[in-house]
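Just below is one structure, and these are the notes that go with it.
The values are calculated or read from the model by the stated rules, or taken from the named source; none is laboratory data. Only a predicted model underlies this, so the values are computations on that prediction, with no experimental measurement involved. Please note: Cβ atoms are built from the backbone with ideal geometry, for glycine as well, and neighbour counts cover all protein chains shown. Areas reflect the complete protein model, heavy atoms only, side chains present, ligands, DNA and RNA absent. Shrake-Rupley method; radii C 1.70, N 1.55, O 1.52, S 1.80 Å.
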Amino acid sequence: MSGRRSSSATTDTSGAAEPAARVTIAEIALEAGVSAPTVSKVLNGRDQVAPETRARVEELLRRHNYLRRRARPKKTVGLVDLVIREVDSLWAGEVMQGVQSEAAEHGAEVVVAATHGTTTETLRWLDNVSKRGSDGIILAVTDLTPAQRRQVTSLDIPLAVVDPVGSPDAGVPTVGATNWQGGLAATQHLLELGHRRIGILRGHDDALCTRARLDGYRAALEGAGIAVDPALQQPGDFYYTTGFSGMRDLLALPDPPTAVFASSDLMALGAYEAIRQAGLRVATDVSIVGFDDVPNSAWASPPLTTVRQPLREMAALATRIVLQGADTVLPGSTLRMELATHLVVRESTGAAPGKSTT
């Protein structure tokens, strides 16, 4: 997920898109200055292509939104694979429910593979799916090595990515959220409450959504004429522990922030505990905005102001794409889809100390 805002990256799934002329392999080959079989090898993940040639062809495939025509299997196996880094979080639970509900509509069962970020677990899943087959694969906030991606491509199973970590391969549909807009809205909300020292708790720095949310935060500050202070940016990983440690470090600054935008709700809840241990109060002393709107956000004390991203809808759309085909679900549309985020204001944000919103 590149952090820069891109108008071409967002698809409005509620309206019909104008059909686009489908580029052919021959046209891609002509533009790349290679043969059609070479383009086919890139699409099939074969190794017999020079790295610089592969990169040139993949860039053209991405630029033209080339969607590989896959022959649907004559006999389905009734299984959809969800490959996810971890399953022990409310975020993962929302994604799993989205996949499960859509798969059930198509009479399919869901196989969940948790990779835990390890090559061993990923290879075990690849081995299993190659033996039993699958009607579709959904990758959710997990990344594969180039060799693993080629292995997945060689299985010739429809694939879609939910909330991609890095740049997806050419021809692979992705479903994300408007992360830049979400970061912008969260920070603007705090600015409107009079806050000027606003910190951010970042997620995984290699995740595109982290960079997009950070860019939205920066854009809001710059739009208000406030210099972006690197000291107010704490690294993290979307989890509770780094939310706690990052907030603790921010509070230890000579001039601590009066408000913080956390890149996930779990990090925001970790920040709650750091604020409590410092003898301060959420909203009164330090305002907090999260991101995700997982179910327990509304049950926190105080209820968490957060940016809602439609996780279930994102996962359901990705599942529909692999089971029905991208052209059927979104005729003539881009392969990069972003569903809208919006700010949910609750009780974890208040006026900056010494300020009044009236």
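Within segment 129-138, being open to solvent by 20 Å² or more (accessible area, probe 1.4 Å) and within 14 Å of Gln148 (Cα to Cα) holds for one residue alone: Ser130. Reported count of residues in segment 243-277, each being open to solvent by less than 10 Å² (accessible area, probe 1.4 Å), closer than 10 Å to Gly290 by Cβ and not small (Gly, Ala, Ser), is 4. Just wondering, is there one or more residues in segment 11-32 that are modelled with pLDDT under 75, crowded, with 18+ Cβ neighbours inside 10 Å and over 30 Å from Gly183 (Cα atoms)? No.
If you go through segment 278-294 and keep only what is open to solvent by less than 20 Å² (accessible area, probe 1.4 Å) and of a type outside the set (A, V, I, L, M, F, W, C), you end up with Ser287, Gly290, Asp292. Inside segment 86-143, residues that are more than 22 Å from the chain's Cα centre (by Cα) and in a loop (DSSP other than H, G, I, E, B) make up a count of 6. The criterion of at least 2 residues that are of a type in the set (Asp, Glu), modelled with pLDDT of 95 or more and farther than 20 Å from Leu201 by Cα is met by none of the strands (runs of 3 or more DSSP E) wholly inside segment 289-358. Look at segment 221-242: where a residue is open to solvent by 40 Å² or more (accessible area, probe 1.4 Å) and a partner is assigned to a loop (DSSP other than H, G, I, E, B) and at pLDDT 95 or above, sitting 6+ places away or on another chain with Cβ atoms under 6 Å, you get Pro235/Arg202. Just one of the listed residues (Ala147, Ala160, Ala224) is of a type in the set (Gly, Ala, Ser) and within 19 Å of Val95 (Cβ to Cβ), namely Ala160.
Checking the stated criteria, Leu139 turns out to be within 27 Å of Ala55 (Cα to Cα) and either touching a strand residue (DSSP E or B) at 6+ places or on another chain (Cβ under 6 Å) or not charged (D, E, K, R) (or both). For segment 79-128, filtering for residues that are open to solvent by 40 Å² or more (accessible area, probe 1.4 Å), more than 17 Å from Asp143 (Cα to Cα) and modelled with pLDDT under 85 leaves 1. Listed by first and then second residue, the pairs linking a residue in segment 202-218 that is assigned to a loop (DSSP other than H, G, I, E, B) to a residue that is at pLDDT below 90, with Cβ atoms under 6 Å apart and 6 or more places separating them unless they lie on different chains, are Ala207/Val165. What are the residues in segment 244-269 that are without any contact (Cβ under 8 Å) to a residue 60 or more places away in the chain, outside any loop (DSSP other than H, G, I, E, B) and more than 20 Å from Arg218 (Cβ to Cβ), if any? If the condition is that a residue be without any contact (Cβ under 8 Å) to a residue 60 or more places away in the chain, outside any loop (DSSP other than H, G, I, E, B) and more than 20 Å from Arg218 (Cβ to Cβ), then Phe244, Ser245, Arg248, Leu251, Leu269 are the ones that fit. Is it the case that some residue within segment 169-192 is open to solvent by less than 20 Å² (accessible area, probe 1.4 Å), over 29 Å from Pro353 (Cα atoms), among the β-branched types (Val, Ile, Thr) and not in a loop (DSSP other than H, G, I, E, B)? For segment 169-192, residues open to solvent by less than 20 Å² (accessible area, probe 1.4 Å), over 29 Å from Pro353 (Cα atoms), among the β-branched types (Val, Ile, Thr) and not in a loop (DSSP other than H, G, I, E, B): present.
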